[in-house]
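Have a look at this one.
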Amino acid sequence: MADADTARLCTEIVRSVFGPLTATVASVLLTHGRLGLPQLLRFSRLKPRTVRAAILVLVQHNILWHATSEDEGEVFEINIDECLMRLRYGRYVWLAEQLYGKSGAEIVQLVLDHGKLRPPDIISQLSIYDPVKGPTVLAQTLHKLVDEAYLKPSTLLAHLSPRDKLIRYEAEEKRKISGFPTAREVREAKETAAARLKREEEEAEQVGMKRKAKDHSHKASKRKAVEEEMEVDDEVYFRVNCERFNVHIRNKLIESAASERFNEYAGAVLRATLKATEPKQRKLSDVRSDPTSFANVAMHLPDDVDLAAGLVLQSSRKPPTMTLIKEYLGILASADNPTPAGRAASFISLGGSKVQVEFEIIARRLQRRVLEAVARERHGDEGVRIMRLLLDTGMMDEKQISKIGMMAPKDVRPLLSAMSAESLVSLQEVPKSADRNPTRMFYLWYVDLRKASAVQLRNLYKTLFNIGARRQAEQEEPNLKAVLEKRQRSDVSQDEERLLTRNERELLAQWEKKREKLTVLEMRVEEAVFILRDLGAFAIDDD
């Protein structure tokens, strides 16, 4: 069951794509949690036929989990993560076009529009306008998308809630323990269950490709050489692998962070390092990239990049390109600062002639930067100073914060109270005696990154909902709505300059400008959501 802000946002996403009736079913499931069909009918107050159709649509688009249990029968549950991913679908199509051209974008967009499709259905729908060359080009692009995991098979396991299987596997592992289980045995049972679930998911996704045998006959010999190669299985339904596209979004964020920290040439070197290992980057949970050589980084660097322009060189003679690359890699690895602080500020790690991108270190730094930006916006530079002090030092009482932060005590107390109300800082009580008397306690302030990220994530969901509501309200304005409906007519769309009045064209221009601003704002907020939620898997410092 989702919190109120997440439920409102998911309901708005479903309403904007599938309509109000399907949004009613989704809202009931988000508000009440997992339900069976009789309870869903009672709470939604819709006809059984309408509810069944809504369930089929949501299952087809991977938004709904369904499972069968002995106690409750068949129950349904909203896949919140998959629903929120729909905000990035436009970016996924753009990334597919950058990687595989127009045919790749068309395939990804078609699969996103239908939820899941088989290869023959994809090729038949997209090759209508070019029946001669179209099927061959689409089949080649589809093979690349499946082979590089941008499309993954839709299996039966993907429609079941992983939480149910994880609970069942944990119970099976705990039953193997004789006697009263210790904390270590319970932790090992949970790790074994999680590993088993992950292994099953990986095995289930290996069904998308099958071996194809080709026979080559030779005139001089009757023997046939059988060459085996992989081809896409036409009987398997494929869906878009959002995590594979999220890897590209993460890499772009890392490149932008390096460009802001140093310069554009350092960002170009880091981009080449990421591209060298990009085919093996399949999951956001990777702590670091695979090691790659300096020569491989140089191969992926564009020829028109003048690396010498980003460095202050002592001699006027231009050094070799490999020397410049090593200089930039040393800067990115903070080689001049071999301390814990230097490692925490690095982007890569060097080992001999190999280089690795440190995803975990960068993700922690990006998450911290988002929280500091929130603190600066709401509480000024003093709020950022307190947050950095607590993150670097640990738990401190009010007097220590005032002394080390060089702030007046009368200013520190209200600022800490305001930041605590927004969960940017938290309070820990340490009793001096066993009676836990409030007058005899130490009150220590610290930053709980997990709690702060969760609260800010809910605020960002609220902001995304407000952006969508504002866009909808602007679009429903009577004058604008009439002009938009008029522009959708076939005769008007072909000649807007002549068939629309000047006032109508000005109204449309104002609407386009407003929509562009709202879209840019939505992308910025979604970027912060990506950092806190998707990169937050290992970005939280539990030490």
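The values are calculated or read from the model by the stated rules, or taken from the named source; none is laboratory data. Keep in mind that what you see is a predicted model, and the values were worked out from it rather than measured. All Cβ positions, even for glycine, are placed from backbone atoms using ideal geometry, and neighbour counts span all protein chains on display. In case anyone asks, the SASA skips ligands and DNA or RNA and just uses the protein heavy atoms, side chains included. Shrake-Rupley method; radii C 1.70, N 1.55, O 1.52, S 1.80 Å.
Please name all residue pairs, on different chains or six or more residues apart, with Cβ atoms under 8 Å, provided the first residue is in segment 135-153 and is touching a residue at least 60 places away in the same chain (Cβ under 8 Å) and the second residue is among the aromatic types (Phe, Trp, Tyr).
146/238; 150/245; 151/238; 152/238; 153/237; 153/238
Another one. Is it the case that some residue within segment 367-387 is of a type in the set (A, V, I, L, M, F, W, C), under 19 Å from residue 331 (Cα atoms), at pLDDT 90 or above and touching a Leu at 6+ places or on another chain (Cβ under 7 Å)? Break it down stepwise before answering.
We begin by selecting, within segment 367-387, every residue of a type in the set (A, V, I, L, M, F, W, C); these are 370-371, 373-375, 384, 386-387.
So of that shortlist, the ones also under 19 Å from residue 331 (Cα atoms) come out as none.
No: zero hits.
State which residue pairs qualify: first residue farther than 11 Å from residue 189 by Cα and inside segment 163-175, second residue in a helix (DSSP H, G or I) and open to solvent by less than 40 Å² (accessible area, probe 1.4 Å) in any location, beta carbons under 7 Å apart, and separation of 6 or more residues or different chains.
Note: pairs meeting the criteria are 165/197.
Residue 105 versus (1) modelled with pLDDT of 90 or more; (2) open to solvent by 20 Å² or more (accessible area, probe 1.4 Å); (3) in contact with a helix residue (DSSP H, G or I) (Cβ under 7 Å, 6 or more places away or on another chain): which is the lone unmet condition?
Unmet for residue 105, out of (1) modelled with pLDDT of 90 or more; (2) open to solvent by 20 Å² or more (accessible area, probe 1.4 Å); (3) in contact with a helix residue (DSSP H, G or I) (Cβ under 7 Å, 6 or more places away or on another chain): (2).
Of everything in segment 310-361, what is among the acidic types (Asp, Glu) and open to solvent by less than 30 Å² (accessible area, probe 1.4 Å)? Give them in sequence order.
Taking segment 310-361 first, the residues among the acidic types (Asp, Glu) are 327, 336, 358, 360.
Answer for segment 310-361, where residues must be among the acidic types (Asp, Glu) and open to solvent by less than 30 Å² (accessible area, probe 1.4 Å): just 358.
Here's a follow-up. Only one of (1) among the acidic types (Asp, Glu); (2) part of a loop (DSSP other than H, G, I, E, B); (3) crowded, with 17+ Cβ neighbours inside 10 Å fails for residue 304. Which number is that?
Every condition holds for residue 304 apart from (3).
Quick check, is residue 77 of a type in the set (D, E, K, R) and either open to solvent by 40 Å² or more (accessible area, probe 1.4 Å) or in a helix (DSSP H, G or I) (or both)? Give the derivation first.
On the way: of a type in the set (D, E, K, R): yes; either open to solvent by 40 Å² or more (accessible area, probe 1.4 Å) or in a helix (DSSP H, G or I) (or both): no.
Criteria not met by residue 77.
Under the condition of being over 21 Å from the mean Cα position of the chain (by Cα) and part of a helix (DSSP H, G or I), which residue from segment 274-296 is surrounded by the most Cβ atoms within 10 Å (Cβ to Cβ)?
Only one residue fits best here, namely 276.
Given the conditions (1) in contact with a helix residue (DSSP H, G or I) (Cβ under 8 Å, 6 or more places away or on another chain); (2) at pLDDT below 90, report the number of the one that residue 394 does not fulfil.
Tallying (1) in contact with a helix residue (DSSP H, G or I) (Cβ under 8 Å, 6 or more places away or on another chain); (2) at pLDDT below 90, residue 394 fails exactly one: (1).
Select from segment 327-384 the residues that are free of Cβ contacts under 8 Å to residues at least 60 places away in the same chain, β-branched (Val, Ile, Thr) and over 30 Å from residue 417 (Cβ atoms) and list them in ascending order.
Across segment 327-384, the qualifying residues are 339, 361.
Does residue 504 fit the bill of being surrounded by 12 or more Cβ atoms within 10 Å (Cβ to Cβ) and more than 30 Å from residue 287 (Cβ to Cβ)? Before the answer, list the steps.
Values: surrounded by 12 or more Cβ atoms within 10 Å (Cβ to Cβ): yes; more than 30 Å from residue 287 (Cβ to Cβ): yes.
Here the answer is yes, as residue 504 does meet what is asked.
Could you identify the single residue in 272, 276, 268 that is in contact with a strand residue (DSSP E or B) (Cβ under 7 Å, 6 or more places away or on another chain) and free of Cβ contacts under 8 Å to residues at least 60 places away in the same chain? Before you say what the answer is, go through the steps one by one.
Numbers: 272 fails: in contact with a strand residue (DSSP E or B) (Cβ under 7 Å, 6 or more places away or on another chain); 268 fails: in contact with a strand residue (DSSP E or B) (Cβ under 7 Å, 6 or more places away or on another chain).
Matching residue, one of 272, 276, 268: 276.
Hey, another quick one. So residue 386 fits all but one of (1) crowded, with 19+ Cβ neighbours inside 10 Å; (2) within 27 Å of residue 247 (Cβ to Cβ); what number is the exception?
Answer for residue 386: the failing condition is (2).
Has segment 518-537 got at least one residue that is surrounded by 12 or more Cβ atoms within 10 Å (Cβ to Cβ), at pLDDT below 90, among the small types (Gly, Ala, Ser) and over 21 Å from residue 11 (Cα atoms)?
Yes, segment 518-537 has at least one match.
For (1) in contact with a strand residue (DSSP E or B) (Cβ under 9 Å, 6 or more places away or on another chain); (2) part of a helix (DSSP H, G or I); (3) open to solvent by less than 30 Å² (accessible area, probe 1.4 Å); (4) closer than 25 Å to residue 8 by Cβ, each residue gets a yes or a no:
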| residue | (1), (2), (3), (4) |
| --- | --- |
| 412 | no, yes, yes, no |
| 442 | yes, no, no, no |
| 451 | yes, yes, no, yes |
| 458 | no, yes, no, yes |
| 465 | no, yes, no, yes |
| 479 | no, yes, no, no |
